[in-house]
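What follows is a short report on a single structure.
FYI, it's all coordinate maths here, none of it is from the lab. Since the model is a prediction, treat every value here as computed from it, not as a measurement. Cβ placement follows ideal geometry from the backbone for every residue including glycine, while neighbour counts extend to all protein chains displayed.
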Amino acid sequence: MAKRKPGETWRCWSCGKALIGARTIAGKVAPIEVDVTENANCFLFRGAGGEVRVAVLGGPLLDEAKRQGFQLRLNHFASCPDRERWRSDDKRVDEAERQDSSVRSDP
Ligand SMILES: [Zn+2]
């Protein structure tokens, strides 16, 4: 799977869900669902320079965000019906990059 950029939009290859890339606190780009969903925990915002970022909320902070009507979304990694196949694809790319960072592994 190709690496996505923050703000990039695409559809899940598996289930067709509309997704947007968002930079996580860990610095990775997560596939966040464009649709606002009940019982979600990802808050999208613009970081420095306008980059699309995501904060994952939990505990009392998540409850308060819901109470205040924050628009929350799901990380599609966690909600895609085919997520197990995603994870194995992702791991394969990471391993290929570790072995030789000069080789691109586009499927
Ligand atoms: Zn999907």
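Modelled label positions at PHE70 and TRP10, each set 7 Å beyond Cα in the direction of Cβ, lie 2.7 nm from each other. Qualifying GluC sites (Glu not before Pro) in region 1-82, where qualification requires a DSSP coil assignment and no more than 10 other C-beta atoms within 10 Å, comprise GLU38. Only Cα pairs under 8 Å and 6+ residues apart enter the sum, and on that basis the relative contact order of region 9-99 stands at 26 percent.
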